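The values are calculated or read from the model by the stated rules, or taken from the named source; none is laboratory data. Bear in mind the structure is a predicted one, so any value in this text is a computation, not a measurement. Heads up, the Cβs are rebuilt from the backbone with ideal geometry, glycines too, and the neighbour counts pull from every protein chain shown. Just the protein is used for accessible areas: all its heavy atoms, side chains included, with ligands, DNA and RNA removed. Shrake-Rupley method; radii C 1.70, N 1.55, O 1.52, S 1.80 Å.
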Amino acid sequence: MPTHFPPRDPAQLAKARSAAAEVLSRWPDAPAFLGGAPLAGLGTPASDVDLFVVTADPVPTEQIFVGELRVDVEFVDPAQLADLVARCDRFSVTAADTSQLRFAQYHTLDQLIRFALGEIVADDGTLARLLARVHAAEPDIAKLVIARLAVLSANAVEDGYGAVQVGDLSSAQFSARKALLSATEALLASRGDAYLGPKWVWTRWDRTIGTELGEQVRAALHDPATGVDLTFWLAQDFLVQAMTGHRYDIVLDADPALARRNPQVAPTLTTGPVMLNRSDSRAVRVSPQGALLWGVAHGRPRAEAVALAGALLGVGEPDIDAYYTRLLESNVLLPEDGAHVRR
């Protein structure tokens, strides 16, 4: 899990600071912080500035121009900001209690990440204390982000294979891309690049991962024509690596003579087991080590997958081989010639 959030771009940040200083003359006594793309090292010279003014008497968002630069002023209730930090600074999702995820919706986490990446420009000490708490909790916040994105990916998997069942392959492919996009954001968050939103995903990929996973993976990531099963398999790989913190070479074109993951299975993260959710609404509980084995088993001979997982985990191969059998029996890993592949 990450120990830092993305670096800031000094030039963009200087421009945002200058504009904020001018705008804040309208709210001289209110704490405030900068957020948005410039604080994550993203954006373009034309990007606007997001200024968050913390006040118990919020008004609708305002747009103020400083020269040609637009400043979007958003008002944040201090009690709500404190509650957001308190609810999210410890990852507490279990298989039996997912209440934290019900609170931490995508939009909610986006607000938290903007604060985490933000720079305080006016304060009475309250924001500094909250921001220090957030920075101390970065690994747990990253897990929460990964868990939420995994749920979004799982929803897209369900939609995708529902579309397959009625023969709507265009909708299935669209859902597959949505699943992959969420899984990509999860992988980036696990690498310390936790800025949310699809707008900058490919820029973030290039700066954080680049060609590390190979050109074939990068090509599949960018190609909307990649097949449904192949897209879901790639999403699974990204989520497994995000959840376990382990990296391995991804097999895209799996030989049908070798075992493959069930493409309709969607992994989700808890504080304990990883839940491998099947299309029949049953979930298989596996340890993070078991989830890693499930990831590397795809498209590899059994002995090779067991040896690779053992090397990554430092665990004896007999124990791993027994776990491999459990994955087969649970139908989350398909045996040789176990599934038709829609290429």
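Annotations for the structure displayed:
- Boolean, Ala219 is closer than 21 Å to Ala172 by Cβ, open to solvent by 50 Å² or more (accessible area, probe 1.4 Å) and part of a helix (DSSP H, G or I): yes
- Residues being open to solvent by 40 Å² or more (accessible area, probe 1.4 Å) and over 14 Å from the mean Cα position of the chain (by Cα) - total across the stretch 156-198: 12
- Of all residues making up the stretch 151-202, the number that are of a type in the set (Val, Ile, Thr), closer than 29 Å to Gly41 by Cα and at pLDDT below 95: 1
- Residue match in the stretch 199-215 (condition: more than 17 Å from Leu152 (Cβ to Cβ), open to solvent by 30 Å² or more (accessible area, probe 1.4 Å), part of a loop (DSSP other than H, G, I, E, B) and touching a residue at least 60 places away in the same chain (Cβ under 8 Å)): no
- Complete set of residues in the stretch 9-25 that are over 26 Å from the mean Cα position of the chain (by Cα) and touching a residue at least 24 places away in the same chain (Cβ under 8 Å): Lys15, Ala16, Arg17, Ser18, Ala19, Ala20, Ala21, Glu22, Val23, Leu24
- Scanning the stretch 143-155 for residues that are open to solvent by 50 Å² or more (accessible area, probe 1.4 Å), over 16 Å from Ala189 (Cα atoms) and more than 16 Å from the chain's Cα centre (by Cα) turns up nothing.
- For Asp97, the conditions (1) modelled with pLDDT of 95 or more; (2) within 22 Å of Gly36 (Cα to Cα); (3) over 19 Å from the mean Cα position of the chain (by Cα) all hold with the exception of (2).
- Which numbered condition Glu215 fails, given (1) modelled with pLDDT under 95; (2) under 18 Å from the mean Cα position of the chain (by Cα): (2)
- Lone qualifier among Leu130, Leu109 - being buried (at least 18 other Cβ atoms within 10 Å of the Cβ), in contact with a Leu (Cβ under 8 Å, 6 or more places away or on another chain) and touching a residue at least 60 places away in the same chain (Cβ under 8 Å): Leu109
- For the residues Ala297, Ala311, Ala322, the requirement of being of a type outside the set (Ser, Thr, Tyr) and surrounded by 14 or more Cβ atoms within 10 Å (Cβ to Cβ) singles out Ala297.
- Members of the stretch 50-106 that are basic (Lys, Arg) and surrounded by fewer than 16 Cβ atoms within 10 Å (Cβ to Cβ): Arg70, Arg90, Arg102
- Verdict on Ser287 being small (Gly, Ala, Ser), touching a Phe, Trp or Tyr at 6+ places or on another chain (Cβ under 7 Å) and either open to solvent by 20 Å² or more (accessible area, probe 1.4 Å) or at pLDDT 95 or above (or both): no
- Qualifying residue in the stretch 329-337 (condition: over 21 Å from Leu149 (Cβ atoms), of a type in the set (D, E, K, R) and within 28 Å of the chain's Cα centre (by Cα)): no
- Scanning the stretch 84-128 for residues that are hydroxyl-bearing (Ser, Thr, Tyr) and assigned to a helix (DSSP H, G or I) gives Ser99, Tyr106, Thr108, Thr126.
- When the stretch 304-319 is filtered for residues that are more than 28 Å from the chain's Cα centre (by Cα) and either within 30 Å of Leu169 (Cβ to Cβ) or modelled with pLDDT of 95 or more (or both), the ones remaining, listed by number, are Glu304, Ala307.
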